[in-house]
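Nothing in this text is a laboratory measurement; each read-out follows from the coordinates by a stated rule. Keep in mind that what you see is a predicted model, and the values were worked out from it rather than measured. Heads up, the Cβs are rebuilt from the backbone with ideal geometry, glycines too, and the neighbour counts pull from every protein chain shown.
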Amino acid sequence: MKYLFNFVALMLTVVSVAGAAGISNSTLHNLQTAYNGESNARAKYLEFAKKAEQEGYGQVASLFRAAAAAEQIHRTCEASVIKEMAATPRAKIALPPIKSTQQNLEDSASKGEAYERDTMYPQFIRQARTDGNNRAAQCFTYAQAAEAEHFNLFKAAARDLAQMKGAAGTYYVCTEGGYTMERLDVSKCPGGKHLELK
């Protein structure tokens, strides 16, 4: 009877550890997915900035560079949590076709930022909270807020593209969280720290 009790106790421990590992792996998988996505977004936006400059849209080029800086902040946050979980951040960069600045703005808003804002990050936040991974939840929450604002900025730029011709503009990116603004509002930056980008 003692051996049966010990065997049952051992099996319950194995099941418990396996369950915890599965939970942890869900958030780790989401972190890797987000890290890959942010890495690709950063690379894409830097290329879109070059295209905008070629077409004479200096303000749009500045916007894309600011968005790329925000994506770098997100991927750095996600990478740090991945490393805390004893894993290695991994990304495979696959640039999309570089189209016109108008199309790049529209695609960035509707095919990238809207999905991250409405679907991907809300799911990742819920899973991280379920798993008790507060650091991952914070990274995802910061990214979701920034992607929502990127969507707004890209849509506005696409709508008013004729006014975006000429010299570079100025954008502000919170160094923690990556929130991106056309007009500085330090209350939106945790700790009040930000970058000024052109």
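Values for this structure:
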item	result
Dimensionless Rg ratio for the chain, taking C-alpha atoms and the 2.2 N^0.38 Å reference	1.25
Coordinate range along principal axes, alpha carbons of the stretch 68-166, Å, largest first	47, 24, 20
Helix-only mean residue ellipticity at 222 nm for the chain, each DSSP H run of n ≥ 4 adding -39500 (n - 2.57), per residue, nearest 500	-22000 deg cm²/dmol
Karplus-derived 3J(HN,Hα), 6.51/-1.76/1.60, for each residue of the stretch 160-172, Hz, glycine and proline x	10, 4, 4, 7, 9, 5, x, 5, 4, x, 10, 10, 10
Rg [Å, one decimal], Dmax [Å, integer] - the stretch 54-97, C-alpha atoms	14.6, 45
For the chain, size of Cβ-based charge dipole, Lys and Arg +1, Asp and Glu -1, in debye	340
Qualifying trypsin sites (Lys or Arg not before Pro) in the stretch 84-147, DSSP loop, other Cβ atoms within 10 Å at most 12	Arg90, Lys92
Largest-first principal axis extents of the Cα set of the stretch 68-123 (Å)	41, 23, 18
Sequence ranges 59-67, 157-165, 32-40, ranked by mean other-Cβ count within 10 angstrom, highest first	59-67, 32-40, 157-165
Length-normalised contact order for the chain - Cα pairs under 8 Å, 6+ apart - percent	25
